[in-house]
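Right, one structure below, let's go through it.
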Amino acid sequence: MNNIFALLSGLIFGIGLIVAGMANPAKVLGFLDLGGLWDPSLALVMGGAIAVGSVAFTFARKKTTSFLGLPLHLPTASQIDRRLIGGSLLFGAGWGLAGICPGPGLVLLGSGEVQGAVFVVAMLAGMALFEVLERRTSLAKTD
Amino acid sequence: MGIDWNHFTPLSALLGGALIGIAAAMFLLWNGRIAGISGILGGLLRPKTGDLAWRFAFLAGLILAPVIYRLFTPMPALQITASTGMLIVAGLLVGVGTRYGAGCTSGHGVCGISRLSPRSIVATLVFMAGGFATVFVTRHLFVPGV
């Protein structure tokens with residue numbers, strides 16, 4: 001049951017990305033191009049998503065479990081540190097180079113775009129690199 | 001700077017955004033999870049028992065979205081302009097960056113701002129600034145071939 005809801009959430013999320021134009025890298029770059037002719041559409045995508053999302057998150061604040069009786073896993077981290085800033089900066093740079101962030105990358109993969117698959121494989125390699133670096137750091141700390 | 005009125009699509013942007021919000025709301029209220037794509041994906045590389053099925057289910061939905069969409073209506077143009085080499089560099093940066101920054105456009109941008117998390121608001125401002133700056137450099141400062 002849980003996994004059916006997870007599948008449905010992913011599906012609606014992906015359809016939302018396609019409808020919004022967010023799965024089209026050319027359109028994303030049009031939004032990120034403040035120095036050229038600017039396409040503000042994606043600001044409205046964020047606005048629409050946050051408008052709906054904030055209702056759900058406000059409602060969830062009064063709850064301890066989900067409708068399926070599962071625990072609510074809400075982020076607890078609150079520190080604004082070098083990792084957050086540096087990581088977000090690297091992500092922003094990568095996003096600006098191709099116009100693809102993780103969700104649209106997976107949608108492009110599913111659409112059968114070979115170039116989308118190239119991006120996703122590289123992204124997974126980047127995530128794997130993070131895991132390797134993290135493990136090395138934690139090993140160094142315990143030594 | 002001028003507005004690109006020809007490509008501005010306010011209605012589909014709002015509608016698609018609302019669908020993204022509904023998906024994030026469903027995932028939170030039924031599954032008890034944050035719809036943060038980079039976190040869901042990254043967790044697969046740190047496998048824990050009982051923690052994989054929901055990740056695969058959500059990601060499968062996301063990957064199947066264009067397949068299902070096509071059954072009902074023609075797919076809009078999905079135009080990748082970056083070269084293969086550029087896509088590899090971009091993918092690596094997005095992969096490493098979203099894991100160090102603990103989130104991407106969905107986790108920080110949509111869910112984090114929805115719950116007014118200062119950390120996510122800062123992260124979103126930083127990756128947006130990074131995106132704007134990068135496009136400014138590649139399109140207006142060091143234009144390839146010029």
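Each value in this text was obtained by applying a stated rule to the coordinates, not by laboratory testing. These numbers were taken from a predicted model, which means no experiment stands behind them. All Cβ positions, glycine included, derive from the backbone under ideal geometry; neighbour counts span all protein chains shown.
The calculated FRET efficiency for the pair residue B:1 and residue A:139, based on their C-beta separation and a Förster distance of 51 Å, comes to about 0.55.
Within the straight-line cut-off of under 25 Å between alpha carbons, the lysines reachable from residue B:48 are A:141, sequence neighbours fewer than 8 places apart in one chain being disregarded.
Could you tell me the center-to-center distance, by alpha carbons, between the stretch A:13-62 and the stretch B:55-107 in angstrom? Value for the Cα centre distance between the two parts: 14 Å.
Computed about its Cα centre, the charge dipole of the protein assembly as shown is approximately 760 debye, with only Lys, Arg, Asp and Glu carrying charge at their Cβ. Applying 0.36 nm per residue to the separation of residue A:128 and residue A:82 and subtracting their alpha-carbon distance, the gain on full extension is 14.5 nm. Histogrammed with a bin width of 5 Å, the alpha carbon distances of the protein assembly as shown distribute as 1, 6, 12, 18, 20, 19, 12, 7, 3, 1, 0, 0 percent, first bin at zero. Give me the net charge for the shell around residue A:75: Cβ to Cβ below 9 angstrom, other residues only, Lys and Arg +1, Asp and Glu -1. So the surrounding residues net to +2. Here is the tail figure for chain A: Cα pairs spaced more than 26 Å apart come to 43 percent of all pairs. A Förster radius of 22 Å combined with the Cβ-Cβ distance from residue A:37 to residue B:141 puts the calculated FRET efficiency at roughly 0.80. Taking Lys and Arg as +1 and Asp and Glu as -1, the other residues whose beta-carbon sits under 11 Å from that of residue B:99 total 0. Each other residue within a Cβ distance under 14 Å of residue B:45 adds +1 if Lys or Arg and -1 if Asp or Glu, for a net charge of +2. Compactness of the stretch B:88-146 was expressed as the Cα radius of gyration divided by 2.2 N^0.38 Å, which yields 1.30. What the pair-distance distribution of chain B shows, using all Cα-Cα distances binned every 5 Å from zero, is 2, 7, 12, 17, 20, 19, 13, 6, 2, 1, 0 percent.
Backbone phi angles across the stretch B:90-107, fed through the Karplus curve with coefficients 6.51, -1.76 and 1.60 (θ = phi - 60°), yield HN-Hα couplings of 4, x, 4, 4, 5, x, 5, x, 5, 7, 5, x, 6, x, 10, 4, 7, x Hz in residue order; Gly and Pro are listed as x.
Hydropathy at least 1.6 by Kyte-Doolittle, axial extent at least 18 angstrom from the Cα trace: which helices of chain A, defined as entire DSSP H runs, fit? Span-like helices in chain A: A:2-20, A:41-60. The relative contact order of chain A comes to 25 percent, based on Cα pairs under 8 Å that sit 6 or more residues apart. A helix-only calculation puts chain A at -24000 deg cm²/dmol for mean residue ellipticity at 222 nm, using -39500 (n - 2.57) for each DSSP H run of at least four residues, averaged over all residues.
Note on residue A:1 and residue B:79: their simple-model spin labels are 4.7 nm apart, each label 7 Å out from Cα toward Cβ.
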